[in-house]
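Encoded as structure tokens, the structure appears first; notes follow it.
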Amino acid sequence: MAYDSLRCPNCEHSFRVIWPEPLPSHYHYLNSKITMKCPHCGEMNEVYGFIIDKIKSAPEPGIPSVEVLSISPRDPNPDPDARRNYMQRMWANRHARYKATYSQTK
């Protein structure tokens, strides 16, 4: 059994993606944006479908599930740097958490 997973770029918690049945006919893996709300921090995430990871094993029981809120029509001009921007956002949030935790106050 396999499942789809996404890591929230804000809090870095992973969650399992539950797709609507049936998938809308306008869904396109590379050019549609998927909107979901992180069950841990509540942030709304809008990512292209190809950023969602396919996990090849059975889902772990502790991973929360989240339903897809919306699927956009095919974007005629998709962002060529979408994956890089997603990772930069994750690293920027990680850096901010680290700085808030370990910076000294004067």
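The values are calculated or read from the model by the stated rules, or taken from the named source; none is laboratory data. Small disclaimer: the values here were computed from a predicted structure and weren't measured. Quick reminder, even Gly has a Cβ in these numbers, built from the backbone with ideal geometry, and neighbours come from all protein chains shown.
Considering only region 95-105, I want to know if a residue exists there that is in contact with a strand residue (DSSP E or B) (Cβ under 8 Å, 6 or more places away or on another chain), within 21 Å of HIS40 (Cβ to Cβ) and of a type outside the set (Phe, Trp, Tyr).
Step one: list which residues in region 95-105 are in contact with a strand residue (DSSP E or B) (Cβ under 8 Å, 6 or more places away or on another chain), which gives none.
No.
Search region 32-59 for residues being touching a strand residue (DSSP E or B) at 6+ places or on another chain (Cβ under 7 Å) and of a type in the set (S, T, N, Q), and hand back the single one that is nearest to SER70 (Cα to Cα).
The extreme case among them is THR35.
What's the number of the only condition in (1) touching a Ser or Thr at 6+ places or on another chain (Cβ under 6 Å); (2) surrounded by fewer than 13 Cβ atoms within 10 Å (Cβ to Cβ); (3) charged (D, E, K, R) that LYS33 fails to meet?
Of the numbered conditions (1) touching a Ser or Thr at 6+ places or on another chain (Cβ under 6 Å); (2) surrounded by fewer than 13 Cβ atoms within 10 Å (Cβ to Cβ); (3) charged (D, E, K, R), the odd one out for LYS33 is (2).
Could you check PRO20 against (1) over 9 Å from the mean Cα position of the chain (by Cα); (2) under 16 Å from ARG89 (Cα atoms) and say which number it fails?
PRO20 satisfies all of (1) over 9 Å from the mean Cα position of the chain (by Cα); (2) under 16 Å from ARG89 (Cα atoms) except (2).
Would you pick out the residues in region 1-25 that are in contact (Cβ under 8 Å) with a residue 60 or more places away in the chain, farther than 13 Å from MET36 by Cα and either of a type in the set (Lys, Arg) or in contact with a Ser or Thr (Cβ under 8 Å, 6 or more places away or on another chain) (or both)?
Selection gives nothing.
Which pairs do you get when a residue that is closer than 14 Å to LYS33 by Cα, found in region 79-100, comes within reach of a residue that is assigned to a helix (DSSP H, G or I) and of a type in the set (A, V, I, L, M), reach meaning Cβ atoms under 7 angstrom, with the pair 6+ apart or on two chains?
These pairs meet every condition: ALA82/ILE51; ARG83/ILE51; TYR86/ILE51.
Among the residues of region 50-97, count how many are within 14 Å of VAL17 (Cβ to Cβ), modelled with pLDDT under 90 and of a type in the set (A, V, I, L, M).
2
Hey, among HIS28, HIS13, which residue is farther than 27 Å from TYR98 by Cα, surrounded by 14 or more Cβ atoms within 10 Å (Cβ to Cβ) and out of contact with any strand residue (DSSP E or B) (no Cβ under 6 Å at 6 or more places or on another chain)? Show your work before the answer.
On the way: HIS13 fails: farther than 27 Å from TYR98 by Cα.
So the residue among HIS28, HIS13 that is farther than 27 Å from TYR98 by Cα, surrounded by 14 or more Cβ atoms within 10 Å (Cβ to Cβ) and out of contact with any strand residue (DSSP E or B) (no Cβ under 6 Å at 6 or more places or on another chain) is HIS28.
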